[in-house]
Amino acid sequence: MSIETTNEDLELSVLELDADSPKAAHRASEERASVSKPRGEAVTRLSSLDALESEAIHIIREVVAEFEKPALLFSGGKDSVVMLHLATKAFWPGKVPFPVLHVDTGHNFPEVIDFRDRTVERLGLKLVVGSVQEFIDRGELAERADGTRNPLQTVPLLDAIQQNKFDAVFGGGRRDEDKARAKERILSLRDEFGQWDPRNQRPELWNLYNGRHTVGQHVRAFPISNWTELDIWRYIERENIELPGLYYAHRREVFARDGMWRAVGEVSQPLPHEEVIIKTVRYRTVGDMSCTGAVESDAATVSDVVIEVAASTITERGATRADDRISEAAMEDRKKDGYF
């Protein structure tokens, strides 16, 4: 009887003999895993993007299975676009089984609103809109002295949740954006007033999520909590996801304020001492036009943006959102009141 010995077998034996070598031990362990498989069967491992996608889809499906009336916050921004893309994959070939909700400040970029409406129509979704302007017109909200409306979104958001009886609302918050969001659980309980208590967060062990709530309470769900801005852009590149053109380099009239380039527009006008110039810029986030800044950039394609984001050392909110600079705890204060 002859014994067939392969080069792989010999290499594995040599590695096992060198017990003092961590590298050899690691290699031997990998070889054991490989040889334990039947010949010809490939060993597959999820890429980081595949793992993040799988986790997000699992969370979306769990929430839909556990809650009666979920909704997804959709503004037309990159994170909400990725969220909606994940939802379509989660229930394909069926339609997304819940409506999308947008709190419209009235100061949104027109290009983003157009993109929002086209996307909703293309996917056959129901769109629920909470309007900040309507609350101002009724005297239930007052314009801020700085003209920024992002902090005014909380009341229309909570009203839309209550009026539509949503018991779970998906959001595109990520932990890398802000220290307040880093405290957030994937399923975050909000009390009868829609408020968030950072000290009342439930443990989340492994893939077990606690969605229990009483009448009047609701849960915010954050399936992409563990993603980074770079993950988002790599996924957009891989999945060939369409975004509003503002996210890519374009020529625009801007003026400098608070260390950012503000776009000239109906709700964003320069002061007498602020010079208007034309620059090639793009947006890393596309919130309220009156408080969102652009960054100088020549990144005209998704691949260009991926390279640019990989080299960045500051988050998109820290770099381009004036409403987060109101105070050190600006985001956390808004979250406690009911904002995302």
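Within the range 117-145, being over 30 Å from E192 (Cβ atoms) and touching a residue at least 12 places away in the same chain (Cβ under 8 Å) holds for T119, V120, L123, G124.
As a summary of the residue check, P198 satisfies the conditions (1) touching a residue at least 40 places away in the same chain (Cβ under 8 Å); (2) touching a Lys or Arg at 6+ places or on another chain (Cβ under 6 Å); (3) buried (at least 17 other Cβ atoms within 10 Å of the Cβ) except for the one numbered (3). May I ask you to verify whether A300 is open to solvent by 50 Å² or more (accessible area, probe 1.4 Å), of a type in the set (A, V, I, L, M), within 30 Å of L49 (Cβ to Cβ) and touching a helix residue (DSSP H, G or I) at 6+ places or on another chain (Cβ under 9 Å)? Answer is no for this residue.
Do we find a residue being open to solvent by 80 Å² or more (accessible area, probe 1.4 Å), more than 30 Å from A294 (Cβ to Cβ) and modelled with pLDDT of 95 or more anywhere in the range 16-24? No. Which of the residues belonging to the range 254-282 are part of a strand (DSSP E or B), open to solvent by 20 Å² or more (accessible area, probe 1.4 Å), at pLDDT below 95 and not small (G, A, S)? Selection gives R257, W261. Would you confirm, using the coordinates I've provided, whether R149 is over 20 Å from I224 (Cα atoms) and modelled with pLDDT of 95 or more? So R149 does not fit the description; no.
Taking the criterion of being open to solvent by 20 Å² or more (accessible area, probe 1.4 Å) and either of a type in the set (F, W, Y) or more than 23 Å from T313 (Cα to Cα) (or both), the residues of the range 214-237 that qualify are T214, V215, G216, Q217.
Consider the range 178-196 and keep the residues that are modelled with pLDDT of 80 or more and charged (D, E, K, R). The one that is nearest to the chain's Cα centre (by Cα) is R185. Evaluation of G211 against the conditions (1) in contact with a helix residue (DSSP H, G or I) (Cβ under 8 Å, 6 or more places away or on another chain); (2) under 25 Å from K179 (Cα atoms); (3) open to solvent by less than 10 Å² (accessible area, probe 1.4 Å); (4) not in a loop (DSSP other than H, G, I, E, B) shows that the sole unmet condition is (4).
The values are calculated or read from the model by the stated rules, or taken from the named source; none is laboratory data. What you see is a predicted model; the values in this text were computed from it and never measured. Methodologically, a virtual Cβ is constructed for each residue, glycine included, from the backbone with ideal geometry; neighbour enumeration extends over all protein chains shown. These area figures cover heavy atoms from the full protein model, side chains too; ligands, DNA and RNA do not enter into them. Shrake-Rupley method; radii C 1.70, N 1.55, O 1.52, S 1.80 Å.
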